[in-house]
1. Of everything in the stretch 34-64, what is farther than 23 Å from V114 by Cβ and among the charged types (D, E, K, R)? Give them in sequence order.
2. Before we move on, is S180 within 25 Å of A82 (Cβ to Cβ), among the polar types (S, T, N, Q) and out of contact with any Phe, Trp or Tyr (no Cβ under 8 Å at 6 or more places or on another chain)?
3. Going through S46, S31 one at a time, which residue ends up being polar (S, T, N, Q) and touching a His at 6+ places or on another chain (Cβ under 9 Å)?
4. Collect the residues in the stretch 172-207 that are exposed (fewer than 10 other Cβ atoms within 10 Å of the Cβ) and in contact (Cβ under 8 Å) with a residue 24 or more places away in the chain, keeping them in residue-number order.
5. Could you list all residues from the stretch 79-95 that are among the small types (G, A, S), in contact (Cβ under 8 Å) with a residue 60 or more places away in the chain and in contact with a Gly (Cβ under 8 Å, 6 or more places away or on another chain)?
6. Which one is surrounded by the fewest Cβ atoms within 10 Å (Cβ to Cβ) among residues in the stretch 42-51 that are farther than 15 Å from G73 by Cα and under 23 Å from the mean Cα position of the chain (by Cα)?
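The values are calculated or read from the model by the stated rules, or taken from the named source; none is laboratory data. Note that the structure is predicted; figures quoted are calculated from it, not measured. For neighbour counting, all protein chains shown are included, and Cβ atoms are generated from backbone atoms with ideal geometry for every residue, glycine included.
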Amino acid sequence: MTTTPHPGAQTDTVAAGAPLAGPVPPVIAPSGAGGDLDHDAVPAGSVTFVDGADPAAIAAARAQGKPVVADLGDRPELAAAAVAAGADGLWLTAPGAAAAGQAREAAARVAPLVRTSVPDTIAACREAIDAVDAAVATLLEHRVALAGRIQRLKPVGGHAGRDPRREAEIVAAMAGRAPSLPPESLGRIVTAIIEAGLDAAERDNSDDPPVWRL
């Protein structure tokens, strides 16, 4: 674990912690590299830096009472692990915009699952909703891929092979995790998701296995 000052972090810029308070940890990259923040937007002493994405190191750094920034160097593929471990920001040294984009997408998909957000303005609520929608879309894509796979394994696939008992079990399991939604509402949602997945499977003639991509 390293603590500030950190190479690239500057003084007298933004208020300490302010740019790291959103629903998705920002990507902090060299100037012009397409990050959410440039390196010089992080005031020296305002955050604690941790090398890599080690959960124990990030947890220990949080005890210092400052936002924790994971220094990923030139490895944007560590972004998802760093966000899941609790990092408040992702520091990249890679100069290309592709690296920042890869890290940002991983953060957008993972953050709503592990990062609590309690917005108090309409704009902040919408930002948090956008973050949740990114995670929902990722999960839907994964589910559609798996649904397509199972259609190839069933003796009878497609709409003709639907299993009402299995669908009822899915609704019941979801109801336990989404108590704010009545079962009949969840039933409509599950039906729409299943039918969309079956339609996608009918359009997809490939035999590629589903792959989770971050």
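1. Residues satisfying the conditions are D38, D40.
2. Against the criterion (within 25 Å of A82 (Cβ to Cβ), among the polar types (S, T, N, Q) and out of contact with any Phe, Trp or Tyr (no Cβ under 8 Å at 6 or more places or on another chain)), S180 does not qualify.
3. S31
4. Passing the criteria: only D207.
5. Selection gives A94 alone.
6. Per the criteria, the residue is T48.
For (1) modelled with pLDDT under 90; (2) assigned to a helix (DSSP H, G or I), each residue gets a yes or a no:
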residue	(1), (2)
P119	yes, no
A128	yes, yes
A137	no, yes
V144	yes, yes
V156	yes, no
R165	no, yes
G197	yes, yes
P210	yes, no
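To keep it simple, each residue is scored yes or no on (1) small (G, A, S); (2) farther than 30 Å from L139 by Cβ; (3) not in a helix (DSSP H, G or I).
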{"residue": "D40", "(1), (2), (3)": "no, yes, no"}
{"residue": "V50", "(1), (2), (3)": "no, no, yes"}
{"residue": "A82", "(1), (2), (3)": "yes, no, no"}
{"residue": "P95", "(1), (2), (3)": "no, yes, yes"}
{"residue": "A98", "(1), (2), (3)": "yes, no, no"}
{"residue": "R104", "(1), (2), (3)": "no, no, no"}
